[in-house]
Amino acid sequence: QVQLVESGGGLVQAGGSLRLSCTASGSIFSINYMAWFRQAPGKQRDLVASISSSETTNYADSVKGRFTITRDSAKNAVYLQMDSLKPEDTAVYYCNAHLQFAYRGSNYSYWGQGTQVTVSS
């Protein structure tokens, strides 16, 4: 059974830092795309940052220069280093990964359970 397990959320003051981690487990052949999304109360889920298998990264304009996404392919893990946090970064953060279960197989999208990040002013 495939699982994406997140950790690292919490409460932090504005200007502080947090590091989120997400690890995929199960019979996975490869992971092509990994990303972090976030969803604030009453709002849609938005992309925060993504990283491809070649480690090409993409960031939402609101987090550029403050957040850094990295991955460890050997561990099937993705990380989000969040610095200079602002109250508007408060949201539930979700890990997303596109998984392959066989060589040249289809990609399947999986989500983690979410981790709460709260930034106080």
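Worth a mention:
- Here Gln1 meets each of (1) assigned to a loop (DSSP other than H, G, I, E, B); (2) under 19 Å from Thr118 (Cβ atoms) with one exception, condition (2).
- Residue match in the stretch 59-78 (condition: in contact (Cβ under 8 Å) with a residue 60 or more places away in the chain and touching a strand residue (DSSP E or B) at 6+ places or on another chain (Cβ under 6 Å)): no
- Hits in the stretch 10-30 - residues which are more than 14 Å from Tyr79 (Cα to Cα) and either outside any loop (DSSP other than H, G, I, E, B) or free of Cβ contacts under 8 Å to residues at least 12 places away in the same chain (or both): Gly10, Leu11, Val12, Gln13, Ser25, Ser30
- Considering Ala35, Ala97, the condition of being in contact (Cβ under 8 Å) with a residue 40 or more places away in the chain and under 16 Å from Gln3 (Cβ atoms) is satisfied by Ala97 alone.
- When residues in the stretch 37-53 are screened for being within 11 Å of Val92 (Cβ to Cβ) and either open to solvent by less than 20 Å² (accessible area, probe 1.4 Å) or modelled with pLDDT under 95 (or both), 1 of them pass.
- Where strands (runs of 3 or more DSSP E) fall entirely within the stretch 50-121, those with at least 1 residues that are aromatic (Phe, Trp, Tyr) are at 57-59, 67-72, 77-82, 91-100, 108-111.
- Asn76 vs. criteria surrounded by 14 or more Cβ atoms within 10 Å (Cβ to Cβ) and either closer than 17 Å to Gly9 by Cα or among the hydrophobic types (A, V, I, L, M, F, W, C) (or both): no
- Consider the stretch 83-104 and keep the residues that are at pLDDT below 95 and farther than 20 Å from Ala35 by Cα. The one that is least open to solvent (accessible area, probe 1.4 Å) is Ala102.
- Restricting attention to the stretch 17-36 and to residues that are modelled with pLDDT of 95 or more and open to solvent by less than 20 Å² (accessible area, probe 1.4 Å), the residue that is farthest from the chain's Cα centre (by Cα) turns out to be Ala24.
The values are calculated or read from the model by the stated rules, or taken from the named source; none is laboratory data. Note that the structure is predicted; figures quoted are calculated from it, not measured. Quick reminder, even Gly has a Cβ in these numbers, built from the backbone with ideal geometry, and neighbours come from all protein chains shown. Heads up: the accessible areas ignore ligands, DNA and RNA and are worked out on the full protein's heavy atoms, side chains in. Shrake-Rupley method; radii C 1.70, N 1.55, O 1.52, S 1.80 Å.
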